[in-house]
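Q: Structure provided below as structure tokens; questions to follow.
The values are calculated or read from the model by the stated rules, or taken from the named source; none is laboratory data. Keep in mind that what you see is a predicted model, and the values were worked out from it rather than measured. Here Cβ is always computed from backbone atoms with ideal geometry, including for glycine, and neighbour counts include all displayed protein chains. Accessible surface areas use protein heavy atoms only, side chains included; no ligands, DNA or RNA. Shrake-Rupley method; radii C 1.70, N 1.55, O 1.52, S 1.80 Å.
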Amino acid sequence: MRILLISDYQALFTALEQEARRYSGLDVLQVKPDTEVLTLSDFQFLILAPLGQSSEVGLTLNQSHLDFWLEKIDALTELCNLRDAHLLLLSSDQVFAAEQQGVSELDLPENPDSTARKLLELESRAAQYNRCILLRTPPLLSSTPGGGLDQLLQRCQLHKAPENIDYRGLQPLDDIARVLLGILLQVGAGAQASGLYHYAGSEPVSQTELLHTLARYLKIEPYPADPSGTTRQGMNTQHLLETFGVHPRAWRAKLPELLEQLNDSAQTT
């Protein structure tokens with residue numbers, strides 16, 4: 001089974017490639033976003049990650065990326081139809097307004113931000129293809145130097161004040177790769193599934209709480225704890241669980257490993 005990832009998000013490809021080693025007969029290839037559509041090799045599944053690295057925690061959604069994908073999405077869905085292939089679009093919970101808590105697939109996004117509206121339009125156009133799966137996730141975590149977690153780590157080391165941001169969860173890239181390939185393998189085995197799904201771990205967090213956690217790992221001056229953390233609500237992922245049997249994983253368990261990888265990268269540069 002061949003899976004194409006169209007994205008310049010190298011860390012996601014690496015995570016998918018590593019996860020694919022757990023299976024036999026699974027081939028994951030990466031192609032650049034500007035590749036001519038008709039020159040793409042044969043595939044059974046096409047993964048689009050239109051936000052690229054800007055989907056990581058602490059980074060801003062890239063509007064110019066979305067403009068590019070809005071111009072390209074129709075040609076890609078047509079190609080999937082010609083190849084009798086499935087399309088999986090990796091989207092973001094940032095289509096929702098900050099005050100929308102405990103969101104499910106039935107909730108209508110109310111984020112007035114123009115970038116969020118473009119992402120929602122991209123979702124809508126992709127969903128017109130009847131073999132499309134949309135997966136919304138909260139911000140991602142990777143050990144990429146200069147990535148979102150690395151930038152927050154530098155912010156923490158300088159003890160800069162946190163922004164007033166709540167995350168509906170955080171998802172390490174290897175966990176996202178596990179979920180993506182788990183979905184596609186089931187669809188490839190005959191599961192009749194399409195449409196919109198949410199995936200998030202079990203623990204929402206504010207940026208204050210996250211920086212407080214990073215400070216504790218770094219053994220530096222702590223940030224004040226955020227007492228509002230216990231009332232925050234994440235994303236309802238029941239639909240994904242009932243359809244594919246995917247259970248959420250907590251981001252905190254992976255954080256020490258990601259921080260160690262970032263530290264190793266810093267020491268080798």
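Q: Considering only the other residues whose Cβ falls under 14 Å of the Cβ of E110, what net charge follows from Lys and Arg at +1 and Asp and Glu at -1?
A: -3
Q: What does the range 1-61 give for Rg and for Dmax, in Å, if only its C-alpha atoms count?
A: 12.4, 37
Q: Here is a further query. So, counting K/R as plus one and D/E as minus one, what does the shell of residues with Cβ under 14 Å around L258 add up to?
A: Details: positive: R249, R252, K254; negative: E56, D150, D174, D175, E257, E260, D264.
The answer is -4.
Q: Plugging the Kirkwood radius over Cα pairs into Stokes-Einstein for the range 61-201, at a temperature of 25 °C and a viscosity of 0.890 mPa s, what D comes out in µm²/s?
A: Working: Rh = 16.7 Å.
Rounded to a whole number, D works out at 147 µm²/s.
Q: With contacts defined as alpha carbon pairs under 8 Å and 6 or more residues apart, what's the relative contact order of the chain in percent? Please list the in-between numbers first.
A: Details: 456 pairs, mean separation 50.4, N = 269.
Once divided by the residue count of the chain, the mean separation gives 19 percent.
Q: Nearest 5 is fine: what % of DSSP beta bridges in the range 99-224 come out antiparallel, could you say?
A: Numbers: 2 of 8 bridges.
Among the beta bridges of the range 99-224, antiparallel pairing accounts for roughly 25 percent.
Q: So for the chain, what are the equivalent ellipsoid semi-axes in whole Å, largest first, each being the square root of 5 times an eigenvalue of the Cα gyration tensor?
A: Numbers: eigenvalues 188, 84, 63 Å².
After diagonalising the Cα gyration tensor, the semi-axes are 31, 21, 18 Å.
Q: Keeping every protein chain present and rolling a 1.4 Å probe, give me the accessible area per residue for the range 14-73 in Å².
A: Numbers: 2960 Å² over 60 residues.
For the range 14-73, the per-residue accessible area is 49 Å².
Q: Right, another one. If exposed GluC sites (Glu not before Pro) are those in a DSSP loop with at most 13 other Cβ within 10 Å, what is the longest stretch of the chain that has none? It would help to have the intermediate numbers written out before the result.
A: Numbers: sites that count: E36, E99, E110, E163.
Looking at the chain, 164-269 is the longest stretch - no exposed GluC sites (Glu not before Pro) with at most 13 other Cβ atoms within 10 Å.
Q: Hey, another quick one. Can I get the semi-axes of the range 176-265's equivalent ellipsoid? Compute them from the C-alpha gyration tensor as square roots of 5 times the eigenvalues, in angstrom, largest first.
A: After scaling each eigenvalue by five and taking roots: 33, 18, 7 Å.
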